[in-house]
Each structure stands twice: as structure tokens, then as C-alpha cells.
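The values are calculated or read from the model by the stated rules, or taken from the named source; none is laboratory data. Model, not experiment: these values are computed from the prediction. For neighbour counting, all protein chains shown are included, and Cβ atoms are generated from backbone atoms with ideal geometry for every residue, glycine included.
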Amino acid sequence: MLYNEEELERIEKARNEWEQGLLKRQLERFGMEKPSSETYTPLDLKDWDFLEKVGLPGQYPFTSLEYPTQLPDVPQAAGAMRFAAGAYAGYGTVEDTRDLWRAQGRRGANVAFDLPTQCGYDSDDPVARGEVGKVGIAVDTLRDFEVLYEFLDGVTTLDRSASNFTINAPCNIILAMYIAMAEKKGVDPANLRGTPQNDILKEFIARGTYIFPPEPSMRMVRDTITYGTKKLPLLNTISICGYHIREAGATAAQAMAFTFSDAIAYVQLGLDAGLDVDEFIRRFTFLGFSGSMDFFLEIARSRAARRIWARIMKERFKAKDPRSWVISGLGAATEGRYLCTTQRPLNNLTRGIIMGVASALSGGRGSGGVPYDEPLGLGHSYEGTQLSQDAARIMRYEAGLGEVIDPLAGSYYVESLTDQVEAETWEIMNKIESMGGAVEAIKSGWMQREVAKSAYHFQKEVESGERVVVGLNKFTGDDELEVSTSRLVPHPYDPKKREDAEERQLAVLAKVKKERDNQRVQSTLKALHKAAQDDSENLMPYFLDCVKAYATLGEMCNVLRDVFGEWEPVGAM
Amino acid sequence: MNRDKVIRVLMAKPGLDGHDRGAKVLTLGLRDEGMEVIYTGLRQTPEKIVQAAVQEDVDVVGLSCLSGAHNYLFPRVVDLLKEKGREDILVIGGGLIPDEDVPKLKGKGIGAIFTAGAAIHTIAEYIRQNVKN
């Protein structure tokens, strides 16, 4: 407790006098019904216990920070034109992206796949028309992986590089390509580093690139966890995303509750497969929770997230290793893209900075937010990227944010808000638990409807003017200057290549299909078909055989569609 | 048009794009504006969308796409409606559509394009003014 009874009584008395006296007179004077600002006092933290609620950095419940001290500075990329580790990128064919990454001097891959790949269709599937190479690269066979990774030739080796794959439903097929390529290059897969997204549950809730129904989809995640734990010790098995759920419309508490409920379901997969929780949990990582302009709420939300996850791991799953209690990846993707406006788009820079400062004040590194031209079309300009990197640098080096860990700890307001958002989150999680867990809450469409309701609520607030968005629903008159922006430095993606990627990829795919040993392809697919029918089988070795025979991603997914069926969303609206 | 008739809208997600925040918000919003709105769900081919539009006898098809495939998918829906003799159905679009694509799409028969920041009542008003029968 911060204050003893006697002191609290004195504060309460003073507060009552203030409310009935000074505050009341002021309200009367200005004809206000209620104050336009709120006041917090020690009375809001009557039973607050520092060690229970916050603890020291790197100690349970990790509210202030995951680590005992901020990690040493990560060397900064030389500039917007170069990417040392690699920003999320990819377009056109693998040749286009390979050439771009070579020119940028990249040392790691952070792969954006096109939608046909993410949804398990080959580039020559009729439903892929118009989508090949648009939002990412097209990958049909191992050949495409081999060509893509030529960007590392002469730069570094695969085992000294890390790869991120934003892939979910066909995640294990993509991992099989990564492993098969490593083997061909003479790299031991046990030395492969990287993170596949592999968070299929949030695809049902928010992002939409599901293929199979929830149960067989979860079996595939189980396969990643069990195979990965034994054979790929340096590779993360999953990146559990709050980001997309929030971007789709969920509130801060909903996003946390849905994400942690998903995470609980994934942990249960490992336990049900007979693994010890401390054996596999450290290969689980998270992808932030997006953000909002609700500055203090976002600070409270990050602090609450660390605490909630620590409690889940320690108290529910009884993990023994303190490192198993730590949430990883919380500081990623803290910017709310859904808040960007096309009106006076440079204001998105200001919005990003406000969200970045919130992140820096709650243990993050202080990101500069999403480049301001996010809503103007696919891909960011180099100018937008430069300015958002600079914003983070200004926070870090000019303003010194991050030099003190959790500087708002003990604030009557921030601690109250942290407790409040944590309580809201647990309440929603308990509701999901009573429905039978995340998978059931998704199968009934409940989570999806909740997200849509919140998105609509947000939109109604914007349209009624209750929620102000500068330049969109307020300050839009003739006396405002409609500041627009042009992209002076061309976008790194060549629009012509993106346009004709489909045609070029189709030619490559036809050639691969003609030149491969088609009998071998058929026999590996047949083996996959048989194994898929037995739930106790881990499909990873079968995918590896298929991939090495240059079977296509679509062929493998079609085999699984045949066995698992496809997900038809229920009661989406 | 006959003021008593309730406007029927098919809200559709053509292609493989999974970003459906806009489509869902607009489905709920246009319902509150007094229209009957059917939402197709994700991953609809232009053929399926047109089939649903004809079967449900809608007045408006709203297409939402954030994956960059709009230049192929939107005009394809217009063309297929024409083939079915249903050019009377108003087609509007939205999503992540660069400014420079808007005139091209309008030239191919898309009535209007609404992007981030468009208000529901603005879209509803456009529909009321432009439904064809």
C-alpha cells in the first residue's frame, strides 16, 4: 500500500472539500455540468501493491518491462533506401523481389506472399486471376524459394540470416520449402532462424486467409509445434497476432482477450501432444496489438498485456522457467493503420508519432509509426519510410525516450487504467472460456461479430462527430489548407513488373510442371493424402517429400482440402 | 424511383482479399439507412457475385477490395452483369484504390469509388440518387 489509513483519510477529506468548493464554483462560473478533465488521486490506488502489480523490470509480473534493462541499441539501418534486417516486403515474381533485395543489400528475408499463395492456390488457378504478385510474391514450388534466396548469395549464409514469413494456413508447406532449400544448400535445418506467422485463429477472426476448418487448421499448428520443438530449435513456431484483430475493429481489451484466448488454445496443443510447456513456449512470439490515439490507454494496455500473459503462463499453465512467463514481440506493430486518413495524409505522421511515444513510455523502442502514405495505395514511398524511421530516432536520441523504464509507473491514473483494461480483458477471456475456448468462439462466429460490432461503433462515433478525426470530420472548412503530398522519390516497386508478374509466373510454373518427375509428385501427394486422414500423423515429413519433388503449394492444399474440407464462415453478419 | 421500395444491396468481397472491416461496417450502416443488405462473405469470384446479384434481384452491388486487384475484378463484375442483361444494377466500389485508378474504373462502368474516410450517409445518399429503377 502506498499510503496508510490516516493519510488516505486526509486525502479523501481534502478531495471532498475541493469537489464541493473550488471545483463546484469553477463549474458554476463556466456553466459546465461536469468537469472537462478528470483527476486521479492516491484514493484510486488504495490497495495498490508495487511488487504485485508492477515488480522490477524483468521480474514477475513484468508490467514495466520484459527484461531487467532495455536491450542494447540495435544498430540502425543506414537509411530508408537500405534495410539491414529487412522490412516486410515482396511483390511480383521471386525474381523481382530477389533483385530488389539485392539492390537494397538485405541480409534477411521478411516475406510478403501474394494472396493466392496465402490462400493455398497456385498462380494458374482461375481464382488467382488479378492477384498474382500483387500484395506479395507468388510462390508455387520450391523453385521459387530457391530463386528468391539468391539475394543472399555473396552476402551471407542461410544459417546466419533470419527469415520472417507472413503465412498462416499453408505455413507448414512454406516451412518445408525453407527446410528443403537449406538442405540443398548444405545448411543444417537445426540452424535455421526465423518466424512464420502461423496464427490461423486470427485469420478466422480478422485477416481472412483461412483455408481449412478450425480443427484441422489447429492440427497443422500442432504439427509445427511438435516438429519445430524437436528439429528446428532456433525457429519460432508461431507469431500470435493481436495486431490484425485490433485493425479489424476490436477494442484494446477485445484485442488482448481474443489474442490471449487464441494463445491459450495454441499452448494447449503442445500440452495435448505431450510436450512440457517450458520446452516449447519460448518459441512462441506475439505481434503487438496495433494502437490508437487513446494515448494513456495504449500505455496501460502494453503494461497490462505483460502482466496478463505472465499470469496465464505462471498460474494457469504452471510454467516453471521464469523466461516462459515473458511475452515476446509486444513492442512490434504498435501503430494503428486504421487511423490513417487520406485527407491531409501528412497528419498520419503526427498520429504515428503520438502512438510511438505511447509505445516508448511503456517499454517499447518508440516506433515512428506507419509511413504517412499508408492509405494512398499499396506499398510505402521511400520518403514516408525515411520520415517514420527519423521519428523513431528523434524519440530515442533527441528526446531520450526509453532511458527510464516504465516512467509512468505509480501514476494514479496510469495504474488505475492498467488495472481497468486488465480487468476488462479477463472478463472477456472468461466469457470465451465459458463458450469452450477460442476455437468454439470462432466457430460460432461470436468473435467475428464482436469485432464487426466494434468497428461499426467506431465508424458511428466518427460520423456523429463524437470521435474527432482532424481533417476528416472536423476542421475541414474552406479556411483549412488541404495539404496533399506527392511521392518525389519513386516507390521501390516497379509498377510494370507488378502488372505483368502474373504472366511471367504462369510461364515459370508451366515449365516447372513440365520438367519435374510427375510420377514422383503423384506418389508424394498420395502419401500426403493418406497421412492427412490420420490425425495422429505429423504432416511435416510428408510436406518435405512433396516439396522436394516440386509438387506445388496448390496441389498440396488441394489434397488437404479433399481430406479436411474448406471453411465456410458462419453467421459472419 | 418509387420511394416506398426498399433498396436492395449486395455487399461483396471479390478476389482473395480478407480485409472486410469496410464491407461489414457498410453492411451494418446501410441497413441502418433503411436498405436491405446482403453480405457475400470473403473470396467471391466475379461470377458468383453476379449470380447472387441476379438471384437476389438487388439494385446495387458494392465491391470492396484492398489487395490491388480492383482493376481486374471490378470491371469484370460490370461486364458479367451486362452479359446477363442487368446493366440496370448500379455497381459501386471501395477499398484501397489509388486516385489515378478512379477515372479508369468509372470509365468501365463503376458508378463511384469510395475510399477510407467516406461516410456511410454519403454513400447511402449516392445510392439513393443513382439507383436506376
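If you go through region B:1-51 and keep only what is on the phi > 0 side of the Ramachandran plot and surrounded by 15 or more Cβ atoms within 10 Å (Cβ to Cβ), you end up with B:15, B:41, B:43. Would a scan of region A:551-566 turn up a residue that is more than 28 Å from the chain's Cα centre (by Cα), surrounded by 13 or more Cβ atoms within 10 Å (Cβ to Cβ) and of a type in the set (D, E, K, R)? Yes, that holds for at least one residue.
Restricting attention to region B:22-32, does a residue exist that is within 8 Å of another protein chain (Cβ to nearest Cβ) and in contact with an Asp or Glu (Cβ under 6 Å, 6 or more places away or on another chain)? Scanning region B:22-32 turns up no residue that is within 8 Å of another protein chain (Cβ to nearest Cβ) and in contact with an Asp or Glu (Cβ under 6 Å, 6 or more places away or on another chain). Based on what the data block shows, is residue A:205 buried (at least 24 other Cβ atoms within 10 Å of the Cβ), over 20 Å from residue A:90 (Cα atoms) and either of a type outside the set (A, V, I, L, M) or assigned by TED's automatic domain parsing to the domain that holds residue A:335 (or both)? Against the criterion (buried (at least 24 other Cβ atoms within 10 Å of the Cβ), over 20 Å from residue A:90 (Cα atoms) and either of a type outside the set (A, V, I, L, M) or assigned by TED's automatic domain parsing to the domain that holds residue A:335 (or both)), residue A:205 does not qualify.
Can you tell which of A:208, A:249 is without any contact (Cβ under 8 Å) to a residue 24 or more places away in the chain and closer than 30 Å to residue A:446 by Cα?
Numbers: A:249 fails: without any contact (Cβ under 8 Å) to a residue 24 or more places away in the chain.
Step by step, each of A:208, A:249 is checked, and only A:208 is without any contact (Cβ under 8 Å) to a residue 24 or more places away in the chain and closer than 30 Å to residue A:446 by Cα.
Yes/no matrix, rows are residues, columns are (1) more than 14 Å from chain B (Cβ to nearest Cβ); (2) surrounded by 23 or more Cβ atoms within 10 Å (Cβ to Cβ); (3) of a type in the set (Gly, Ala, Ser):
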site: A:153; (1), (2), (3): yes, no, no
site: A:162; (1), (2), (3): yes, no, yes
site: A:173; (1), (2), (3): yes, yes, no
site: A:190; (1), (2), (3): yes, no, yes
site: A:193; (1), (2), (3): yes, no, no
site: A:211; (1), (2), (3): no, yes, no
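Quick check on my filter: what residues within region B:88-127 are within 22 Å of residue A:469 (Cα to Cα) and part of a strand (DSSP E or B)? Within region B:88-127, B:94, B:95, B:113, B:114, B:115 qualify.
Determine whether residue A:324 is free of Cβ contacts under 8 Å to residues at least 60 places away in the same chain and under 30 Å from residue B:114 (Cα atoms). So residue A:324 fails the test.
Could you tell me whether any residue of region A:541-559 is more than 18 Å from residue A:209 (Cβ to Cβ) and touching a strand residue (DSSP E or B) at 6+ places or on another chain (Cβ under 6 Å)? Checking region A:541-559: not a single residue is more than 18 Å from residue A:209 (Cβ to Cβ) and touching a strand residue (DSSP E or B) at 6+ places or on another chain (Cβ under 6 Å).
For region A:90-106, check the following and say yes or no: at least one residue is within 12 Å of chain B (Cβ to nearest Cβ), more than 24 Å from the chain's Cα centre (by Cα) and modelled with pLDDT under 95. Full working, then the answer.
Here is the first cut: in region A:90-106, the residues within 12 Å of chain B (Cβ to nearest Cβ) are A:91-92.
Checking which are more than 24 Å from the chain's Cα centre (by Cα) leaves us with none.
Among the residues of region A:90-106, not one is within 12 Å of chain B (Cβ to nearest Cβ), more than 24 Å from the chain's Cα centre (by Cα) and modelled with pLDDT under 95, which makes the answer no.
The condition of being in a loop (DSSP other than H, G, I, E, B), away from chain A (no Cβ under 14 Å) and out of contact with any Cys (no Cβ under 9 Å at 6 or more places or on another chain) holds for only one of B:85, B:68, B:41, that being B:85. With the structure loaded, tell me whether residue A:478 is within 30 Å of residue A:72 (Cβ to Cβ) and not in a helix (DSSP H, G or I) or whether it fails that test. The answer is no for residue A:478. Being under 18 Å from the mean Cα position of the chain (by Cα) and outside any helix (DSSP H, G or I) is the filter here; which residues of region A:363-390 pass it? Listed by number, the residues that qualify are A:363, A:364, A:365, A:366, A:367, A:368, A:369, A:370, A:371, A:379. Only one residue in A:364, A:384, A:402 is at positive phi and not polar (S, T, N, Q), so which one is that? Going through A:364, A:384, A:402 in turn, the sole match is A:402.
Here region A:117-131 is the region considered, the condition is being facing another protein chain (nearest Cβ under 7 Å) and surrounded by 24 or more Cβ atoms within 10 Å (Cβ to Cβ), and the residue that is modelled with the highest pLDDT is A:119. Test residue B:123 against the criterion of being of a type outside the set (Asp, Glu), closer than 26 Å to residue A:208 by Cα and touching a Phe, Trp or Tyr at 6+ places or on another chain (Cβ under 8 Å), and give yes or no. It is true that residue B:123 is of a type outside the set (Asp, Glu), closer than 26 Å to residue A:208 by Cα and touching a Phe, Trp or Tyr at 6+ places or on another chain (Cβ under 8 Å). When A:342, A:334 are checked against the criterion of being within 14 Å of chain B (Cβ to nearest Cβ) and in contact with a helix residue (DSSP H, G or I) (Cβ under 6 Å, 6 or more places away or on another chain), a single residue qualifies: A:342.
One residue stands out among those in region A:519-540 that are within 31 Å of the chain's Cα centre (by Cα) and free of Cβ contacts under 8 Å to residues at least 24 places away in the same chain: the one that is surrounded by the fewest Cβ atoms within 10 Å (Cβ to Cβ), which is A:536.
Condition check for residue A:451 on (1) buried (at least 17 other Cβ atoms within 10 Å of the Cβ); (2) within 11 Å of another protein chain (Cβ to nearest Cβ); (3) modelled with pLDDT under 95: one failure, at (3).
Exactly one of these conditions fails for residue A:462: (1) in a helix (DSSP H, G or I); (2) facing chain B (nearest Cβ under 10 Å); (3) in contact with a helix residue (DSSP H, G or I) (Cβ under 8 Å, 6 or more places away or on another chain). Give me its number. Tallying (1) in a helix (DSSP H, G or I); (2) facing chain B (nearest Cβ under 10 Å); (3) in contact with a helix residue (DSSP H, G or I) (Cβ under 8 Å, 6 or more places away or on another chain), residue A:462 fails exactly one: (3). Among the residues making up region A:243-264, those that are away from chain B (no Cβ under 14 Å), crowded, with 24+ Cβ neighbours inside 10 Å and within 19 Å of residue A:295 (Cβ to Cβ) are A:252, A:256. Number of residues in region B:21-38 that are β-branched (Val, Ile, Thr) and part of a strand (DSSP E or B) equals 2.
Being outside any helix (DSSP H, G or I), more than 9 Å from every other protein chain (Cβ to nearest Cβ) and either more than 13 Å from the chain's Cα centre (by Cα) or of a type in the set (A, V, I, L, M, F, W, C) (or both) is the filter here, so list the residues in region B:45-59 that pass it. Reasoning before the result, please.
Pass one, region B:45-59, residues outside any helix (DSSP H, G or I): B:45, B:56-59.
Right, trim to more than 9 Å from every other protein chain (Cβ to nearest Cβ) and you get B:56-59.
B:56, B:57, B:58, listed by residue number.
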